[in-house]
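What follows is a short report on a single structure.
The values are calculated or read from the model by the stated rules, or taken from the named source; none is laboratory data. Not measured: the values here are computed from a predicted model. Neighbour counts are summed over all protein chains in view; Cβ atoms, including those assigned to glycine, are modelled from backbone coordinates with ideal geometry. All accessible areas refer to the heavy atoms of the entire protein, side chains included, with ligands and DNA or RNA removed. Shrake-Rupley method; radii C 1.70, N 1.55, O 1.52, S 1.80 Å.
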Amino acid sequence: MKPSIPLKPNLTIISKKGIFYWVDEQQKIKKYRPWLGDLFCFIYDSSMARSVFPKKFGGDIERHYEILRMQMQATHDKRILELGTGTGNAAYFLPRDNEYTGIDTSAGLLRKAQKRFRENGFQIADLYLASADDLPFADDQFNVLLCHLSLNFFPDIHSVLTEIQRVMQSGAPMYFSIPVPEREGSKSKIHGTLYTEEQYKTILNEHSMNFESLPDRNGNLLYFKASI
Ligand SMILES: C[S@@+](CC[C@H](N)C(=O)[O-])C[C@H]1O[C@@H](n2cnc3c(N)ncnc32)[C@H](O)[C@@H]1O
């Protein structure tokens, strides 16, 4: 199995059971500390529906996917990159005639995602074990970016935005959803680094990206769009 997307020069990728892994100079697979251990991968979807959405986001998971389906309904024949693929829920809201590439630091979640994209009829859904702040792809490869419910987990948002600028084509739309502390709804602590809407706008502008807040409301989630 070969990657559909050109990779950075001098980089070795191997495919194991249909998932791509990055091999370092010592010929060892690059490992990441996954956010979720492999055992928790099996309860990820039910815990999002039963606990995270109602308790942490004060929101509705069905509404979330409806919002994302509306955003994506006119997106066809694009080269999509998703940061933080998780269990592959993009397969539910993305038209299947797109070429999908997803990265995540959890191999267990990627294995679930692989099954989901296959079951939903995607012809191209390449999955990589990789971190959002160090992407294996060559420059200017993608024309749509997705990043849902993941920005708060990335170790350094500035490195991630630098990588986004490198691999995305100019003018490509980029869609994000993320909990923000100033919106009502959170009854329990949300993990990772949280920024306000105003802070996201400032950070994106520092990276010469446009920031457009979208009007959809769902608990404490902020839906926003960006472009370079
Ligand atoms: C809350 S989940 C969201 C998953 C999916 N986007 C969704 O909406 O269901 C956050 C995801 O970010 C991934 N993640 C955490 N740190 C990461 C990193 N440095 N690079 C890429 N993915 C990361 C986790 O493994 C997890 O799949």
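Out of everything in region 137-185 that is among the hydroxyl-bearing types (Ser, Thr, Tyr) and more than 19 Å from GLN71 (Cβ to Cβ), what residue ends up being farthest from the ligand (Cβ to nearest atom)?
Here the answer is SER170.
What number of residues within region 3-48 are assigned to a loop (DSSP other than H, G, I, E, B), of a type in the set (A, V, I, L, M) and open to solvent by less than 60 Å² (accessible area, probe 1.4 Å)?
Counting residues in region 3-48 that are assigned to a loop (DSSP other than H, G, I, E, B), of a type in the set (A, V, I, L, M) and open to solvent by less than 60 Å² (accessible area, probe 1.4 Å) gives 3.
Does ILE103 satisfy being among the β-branched types (Val, Ile, Thr), buried (at least 19 other Cβ atoms within 10 Å of the Cβ) and either within 10 Å of the ligand (Cβ to nearest atom) or without any contact (Cβ under 8 Å) to a residue 24 or more places away in the chain (or both)?
Answer is yes for this residue.
Out of all the residues in region 106-150, which are of a type in the set (Val, Ile, Thr) and under 28 Å from VAL180 (Cα atoms)?
Within region 106-150, just VAL144 meets the criteria.
So, in region 181-200, how many residues would count as being open to solvent by 60 Å² or more (accessible area, probe 1.4 Å), farther than 16 Å from ASP156 by Cα and either part of a helix (DSSP H, G or I) or among the charged types (D, E, K, R) (or both)?
Qualifying residue count for the region: 5.
Which of (1) away from the ligand (no atom under 14 Å from the Cβ); (2) touching a residue at least 60 places away in the same chain (Cβ under 8 Å); (3) under 20 Å from ALA138 (Cα atoms); (4) under 17 Å from the mean Cα position of the chain (by Cα) does THR75 not meet, given it meets every other one?
Single failed check for THR75: (3).
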